[in-house]
Amino acid sequence: MEIEVRFELNGKDVAVRTDPLSRLLDVLRDGLNLTGTKEGCGEGECGACAVLLDGHLVNSCLIPAISLEGKSVLTIEGYRDTERFAVLKEAFAGTGAVQCGFCTPGILMAAEAILRRNPHPTEEELREGLSGNLCRCTGYAMIVEGILLAAEKGTGIW
Amino acid sequence: MDDISRPIRRFDFDEKIAGKALYCADVRLDNMLHAKTLRSTKARARIVSIETPPLPEGFLVVDAGDIPGRNVVPGYYDDQPFFAQGTVNYVGEPILLLVGPDKDMIIRLLERFRVTYEEMKPVLTIEEAEGAGEGFIFGDKSSFFTLEYSNGDPDNGSLHSARIFTDEFRTGLQEHAYLEPQGLLAVYGDDGICVSGSMQCPYFIKEALVRALGWPEERIRVIQLPTGGAFGGKEEYPSIPAVHAALAAVKARKPVSLVFDRHEDMLCTTKRHPSVIRLKSYVDVNNRVIGREVDIRIDAGAYAGLSGVVLQRMMFSCGGVYDVPNLKVTGKAFATNNVVSGAFRGFGAPQVFFAIETHMENIAGALNLDVMEFKRRHFLHKGDTSSTGGIFHNEIKLDEIVSALERMSGYSRKRGPTGPGNGKLGGIGFACFFHGCGFTGSGESELIRARVRLKKYQDNTVEIFVSSTEIGQGSLTTLRKIVARTLEVPIETVKHTYPDTDECPDSGPTVASRTVMIVGRLLREAALEMKRRWDEDTFDVFREFRFPEHLAWDNKTFRGNAYPEYAWGGNVVSVEVDPLTFEVEVTGIWAVYDIGAPVDETIVRGQIEGGILQGLGYGGMEVMQTRDGAPLQASLTDYAVPNALDFPPMEIMLMDNPFSGGPFGARGLGELPLVGAAPALALAIQNAIGRKVTQLPVTPEIIMEMMKRGD
């Protein structure tokens, strides 16, 4: 059985025909060919598939399509056109926050979720906010420093 | 700071941060099919029958019968099949591949396959393998490899009067847990087969495809795609799914994408070798270790794989950073019905440095000596010989490393009896270590013979052609830096993309901390020649590795320079252990390394911090046990790797000690940071709880058992 689900995706209204139990991750990747959102574990543990749902950080592998009706979804494909992304990008470049890159889109969504609530987080608050996003390449410090630097450089935009 | 060390923006940065880098699972091709593997659910069995459900149109099965060449993964003994034929030897061994247009339908159909097994008694531990008199997996032998060597005179009579100290250590499995699961994509066309995907070693895959397909090399092409972490887990393993995908593409005449899910990946891919390591040391009246015996036993799993070379690295590293005149080393890699153990960053060194560092500390403790001073008195120096009798030709700055660590961490002051004063048990641990850079023994000169190609175009741009892969470690940036700096041209004029075997010569696999030191050095040599000929229009320069004349290695006697060069390091870790819950909080991490000169300080820092974190995970968190041969922790929920909250920031320092044989003074780096972290953590815990740590990982559960036993 397929249903039609309407929601806002990266600022535009979309209507998707899908199995109601399809994962948001598959709706994005397979249905809409938005492959910036990655699948790392498929059980909500690694954060590689993190997106913002009505402004909240969620793992898209745990969100069924049927629950999307009327909601707003932001993925890296939408986020990368924003000023906030540009600030985070330059900060990450400087601190070496990207290695293999597979966790990076999810980390950026987590960073956005943290900074929205708290534009000037402490390191401890940042680490808490990132604790649902695994990175196996860095020691996290270079990511944390990147977000702290972005928060400083981007004062006023969050 | 040397110009080469100054950080620059990574060349793979922009596409990765924007989510535009296309990893294997992101590639969509017309008519592309998906595939999933039917795997053994038994550790050891004969396959009696396989019942295939009716398949809808467009779905097909690929198995051993579809292999036109040889059903043998290239390896030391050629003992492992691409697809099981008649028997299975571990849980997760591939039996067949189901291919079709719809991923969900493939999963539903796979559940309807019925495999009837006739189970055989499996061999599940090192002890079972060692004790078995029959029922061997590997011919008439319990082990794939049995090796030994000695140095000096280990049967020396003077040892008889010495005091003897013994220890036994055990280490468990470690899972790579790269964020991107294995993924390969095969496309079949008039020119032959092209396999692209997530990998460390394109030429390993090419060799496997040649073997399985039986086709000429010209019809086989391998291209790396952006790769989401590897750490050794994409060294030898991807050859198997690459062949599966290729066979499917040939049979279906359509592109086939084979991407693992996390559970499958953790169930069936290679892991770090579990080990049992025994040490026996002879100490004279001057408190000097004058002799040592080391026995290393590892669980290779069901097939030999890379266990022979892992065992060699363990045996050539187990002397540690110490000069011990008489040494005897024995090693065995046992055949069991566990998942195949394989390459993992450090390649055996993390196990043996845990053992030797803890053993040295235990000896110092028993003799009531200052640990740092005791270790220091045994340090290797320039001009000394290694455990295999090879001369250390270059400056060894262990004393400076230890002095720096002492300054940074306050180790000796904190080692004292004062606790943290908050009711917790405080402890601090110190480990020093090396990592042999490049292939073991004659590997670089005989097995690999790395080649590089550098091309100059008419417009004065230059392109790098090497088979070294970008796996997050920064090779698309560091190798460009070496070439641009040598040619003295703007780095933007140097092109370098993910390797393609049709364009790139075999520079060897991207393993063994060799990419910058070995391949980078060859590129520097090529660039020097290019610079001399710069006025010519368009030309290629090739370079091939030659074994340095001042080094020698005898693979029969294990005598000589086991490695072209070594990188060195020291770590200190401090902990507080909760006396009620036995939870361990790491309160400080200090690390000093001699990696020669850093090629890009930011990339180097990334390698170091990530390596330390994997080492701390290995030492204290990452538990993977097996039951009936199957991993009990086959998900990232059950197998916990470090997150952003688990460990505090690290304080890191680099020794300035350029290596004349490396490009711009660089030694190997990638593996070294993982090697020393676990022993430093284990010793911090040992000193906090006043009990000898004898196994990794040392988790709160293990600490509780030790405290209850009172040992």
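Observations
- Using the Cβ of B:I482 as centre and a radius below 11 Å, the other residues enclosed give a net charge of +3, where K and R count +1 and D and E count -1.
- Adding -39500 (n - 2.57) for every DSSP H run of four residues or longer, then dividing by how many residues the protein assembly as shown holds, sets the calculated 222 nm ellipticity at -8000 deg cm²/dmol.
- Partner lysines whose Cα lies under 18 Å from the Cα of B:K206, excluding those fewer than 8 positions away in the same chain, are identified as B:K234.
- Since only B:N394, B:G229, B:V329 are under comparison, the one whose Cα sits farthest along the positive direction of the charge dipole of chain B, derived from C-beta charges on Lys, Arg, Asp and Glu, is B:V329.
- Choice from A:T82, A:T35, A:T138 showing the highest fluctuation, given a GNM over chain A with Cα pairs closer than 10 Å: A:T82
- Simple point charges give the picture: +1 on the Cβ of Lys and Arg, -1 on the Cβ of Asp and Glu, and for the stretch A:3-75 a dipole about the Cα centre of about 160 debye.
- Angle between chain A longest axis and helix A:104-117 axis [Cα atoms, degrees, rounded to 10]: 80
- Kirkwood radius for the stretch A:3-75, taken over all pairs of different Cα atoms as the inverse mean of 1/r, rounds to 11.8 Å.
- Out-of-range pairs (alpha-carbon distance over 19 Å; input B:K121/B:K332; B:K20/B:K456; B:K456/B:K495; B:K42/B:K332; B:K280/B:K382): B:K121/B:K332; B:K20/B:K456; B:K42/B:K332; B:K280/B:K382
- Computed across the stretch B:443-544, the Kirkwood hydrodynamic radius from all distinct Cα-Cα pairs reaches 13.4 Å.
- Projected label distance in nm at B:H381 and B:T125, using a 7 Å step from Cα toward the beta-carbon: 4.6
- Cα-centre dipole for the stretch B:570-644 with unit charges at Cβ (Lys and Arg positive, Asp and Glu negative), debye to 20: 160
- Stretch gain in nm, segment B:D535-B:D578, where the contour uses 0.36 nm per residue and the Cα spacing is subtracted: 8.6 nm
- Each principal axis of the protein assembly as shown carries a Cα extent, and these read 83, 71, 68 Å when sorted largest first.
- Kirkwood Rh, angstrom, the stretch A:82-153 [1 / mean 1/r, Cα pairs]: 11.8
- Theoretical FRET efficiency, 1/(1+(r/R0)^6), r = Cβ-Cβ of B:R46 and B:R559, R0 51 Å, to 0.05: 0.70
- Averaged over residues, the count of other Cβ atoms within 10 Å places the peptides B:639-651, B:382-394, B:34-46 in the sequence B:34-46, B:639-651, B:382-394, highest first.
- Within straight-line cross-link reach of B:K397, aspartates and glutamates at Cα separation under 12 Å, skipping those fewer than 8 residues along the same chain: B:D594, B:D656
- The magnitude of the dipole of the protein assembly as shown, with charges of +1 and -1 set on the Cβ of Lys/Arg and Asp/Glu and taken from the Cα centre, is near 860 debye.
Here, each number is a calculation from the coordinates, and none is a lab measurement. Computed from a prediction, not measured in an experiment: that's the story for all the values here. Methodologically, a virtual Cβ is constructed for each residue, glycine included, from the backbone with ideal geometry; neighbour enumeration extends over all protein chains shown.
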